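I have placed the structure first, in the form of structure tokens, so that the comments after it can refer back to it.
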Amino acid sequence: MRDDSDDPLIGRIAAELRHPVPARPDFEARVMAAVRAGPPSVPARAWTWLSEPRAVAVSPLSALALAAGVGALVIAGIWSASRSTRPGGAAGVAIEPVAAAAPSVVTFVLVDPRARSVALAGDFDGWDRSHLAMRRGASGLWTVDVPLAPGRYRYAFVVDGRRFVADPTAPPAVDDDFGQPTSVVTVSGARAAGGAL
Amino acid sequence: MSDGGPDEALVRRVLEGDVEAFAGLVARHRDRGLRFAAAMLGDAADAEEALQDAFIRAYRALRSCREPAKFGAWFLRILVNRCRTRAATRRRSAGLFVRDEAALERAPAAAGSDPEWREEITRALARLDPLQREAFLLKHVEGLDYEEMARLTGAGTSALKMRVMRACEHLRSMLGEANDAR
């Protein structure tokens, strides 16, 4: 295949395109105004409020059902997440919050017997890979409960501190700019479920 | 969009709560980003909006930047995707890319460049397939190697080489005469 690097015409075109393009004088001010409006991580105060213990019971049925369904899958990276159910309810994806706009506990689950550590990261905690460590249970079942206010969240699992894995049971984030596979969960005031962007 | 110590330090300061440190990253990566977006989109206003959007997205996802020292490469990936999205949106909404005359009239004026030659190039770029244009810019203007381009675009190196080769063929065909006349 021909190497065009030494072609004088291509060189002239590239040289022209390397000239700087002036930005409007207020470009940086506009970017920083938008940046100040949205921090990269949930502020400590907000996280403290979100993570306070609340009287929301979470059934393990969904997690166990999921574990039974995928227990034979022992390949690293086979993940699954389920959502919490109402106290005493059947396994499923519905969440009935305590009150409108109140946080609901969402149980994220994955099966990866070979993982040494697993964490949950998402835009609800500023993609902090060390914040939400998941607990290992029997048969490589990892779980974590996260109180989430109504909203739509992008998340991924982080295996062994470095590998991002999307949730295969949830819709992938369509607009994935960040070079990592991510999934989406939606928690609404009346009902919550996994859902696509 | 240089990588290295300053970027790493700035990223860490932002993550530790110093929001204003992000302005340092904007300053360091604005020019290269705007240059790429302007050539990719062919419209100054669209280029600025895509770049601004990319910075905001980068800020909000900064914790997922696994190698702060390579913020530049990570950010370029975001920008490439924002340019793709913006171009696709524009195609859907207006049935055109940068081939329309109105967009060409808003084509970015580059400092120190030859305006007529620049306009010829802008028109020629507008006629390229978007993926060929993207590959050409990343290879010949931004100076990435094919491995870096593959990581950034998700395409294989063979496909990228083919895109660059096709882009160069088309540019030679479209601009050879104009170049000879200069």
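Laboratory data are not the source of any read-out in this text; all were calculated from the coordinates shown. Note that this is a predicted model, so its numbers are computed, not measured. For neighbour counting, all protein chains shown are included, and Cβ atoms are generated from backbone atoms with ideal geometry for every residue, glycine included.
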*What list of ³J(HN,Hα) values in whole Hz, one per residue of the stretch A:115-121 in order, does the Karplus curve 6.51 cos²θ - 1.76 cosθ + 1.60 (θ = phi - 60°) give from phi, with Gly and Pro shown as x?*
6, 8, 8, 9, 10, 9, 10
*Counting alpha carbon pairs within less than 8 Å and at least 6 residues apart, what relative contact order, in whole percent, applies to the stretch B:114-182?*
37
*Ordered by residue, what ³J(HN,Hα) values in Hz, to whole numbers, does the stretch B:131-140 give under the Karplus form 6.51 cos²θ - 1.76 cosθ + 1.60, where θ = phi - 60° and Gly and Pro are x?*
5, 5, 4, 4, 5, 4, 5, 5, 7, 8
*What list of ³J(HN,Hα) couplings, whole Hz, do you get for the stretch B:119-128 from phi and the Karplus terms 6.51, -1.76, 1.60, once you set θ to phi - 60° and write x for glycine and proline?*
5, 4, 5, 4, 5, 5, 4, 5, 8, 7
*Dipole magnitude of the stretch B:114-182, debye to nearest 20 (Cβ charges: Lys/Arg +1, Asp/Glu -1, about Cα centre)*: 240
